[in-house]
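Taking it in order: structure first as structure tokens, then the write-up.
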Amino acid sequence: MCGIAGFLNYPDNLNSYIDSVSTIQGHRGPDNQAVWRSPGVALCHQRLSIIDLSAEANQPMVKDGLVIVFNGEIYNYQKIRENLRKNYQAS
């Protein structure tokens with residue numbers, strides 16, 4: 001199972017602590033580890049690849065200025081993908 005951690009409004013002197021938290025959770029996701037930081041905000045993710053083995057699924061995910069870490073499974077992802085493709089092609 002993947003590991004996630006988040007920090008909000010932390011002082012800059014805790015950066016090494018955040019790195020330690022990420023390292024400690026390493027056993028939860030041996031396939032990829034990453035930390036995203038912005039002033040006062042940090043998101044950590046340790047990835048265990050099961051279905052999507054591509055590097056494109058590594059987290060934290062950043063797109064259009066938005067950042068997310070996600071731990072879970074979307075069981076109907078194929079149907080959602082199909083609907084999104086249909087709607088995207090129609091516009």
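The values are calculated or read from the model by the stated rules, or taken from the named source; none is laboratory data. No experiment lies behind these values; they were computed from the predicted model shown. All Cβ positions, glycine included, derive from the backbone under ideal geometry; neighbour counts span all protein chains shown.
Overview of values
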{"read-out": "Residue list for the stretch 61-82, filter: of a type outside the set (A, V, I, L, M, F, W, C) and surrounded by 11 or more Cβ atoms within 10 Å (Cβ to Cβ)", "value": "71, 77, 81, 82"}
{"read-out": "Answer from 68, 74 - the residue that is over 14 Å from the mean Cα position of the chain (by Cα) and β-branched (Val, Ile, Thr)", "value": "74"}
{"read-out": "Some residue of the stretch 42-60 being surrounded by 10 or more Cβ atoms within 10 Å (Cβ to Cβ), farther than 23 Å from residue 81 by Cβ and small (Gly, Ala, Ser)", "value": "yes"}
{"read-out": "Which numbered condition residue 47 misses (of (1) modelled with pLDDT under 90; (2) in contact with a Pro (Cβ under 9 Å, 6 or more places away or on another chain); (3) of a type in the set (D, E, K, R))", "value": "(1)"}
{"read-out": "Those residues of the stretch 8-48 which are in a strand (DSSP E or B) and either over 18 Å from residue 61 (Cβ atoms) or among the hydroxyl-bearing types (Ser, Thr, Tyr) (or both), in sequence order", "value": "8, 30, 38"}
{"read-out": "Residue list for the stretch 36-47, restricted to those being within 11 Å of the chain's Cα centre (by Cα) and not aromatic (Phe, Trp, Tyr)", "value": "43, 44, 45, 46, 47"}
{"read-out": "Criterion (modelled with pLDDT of 85 or more and closer than 22 Å to residue 81 by Cβ) met by exactly one of 69, 21", "value": "69"}
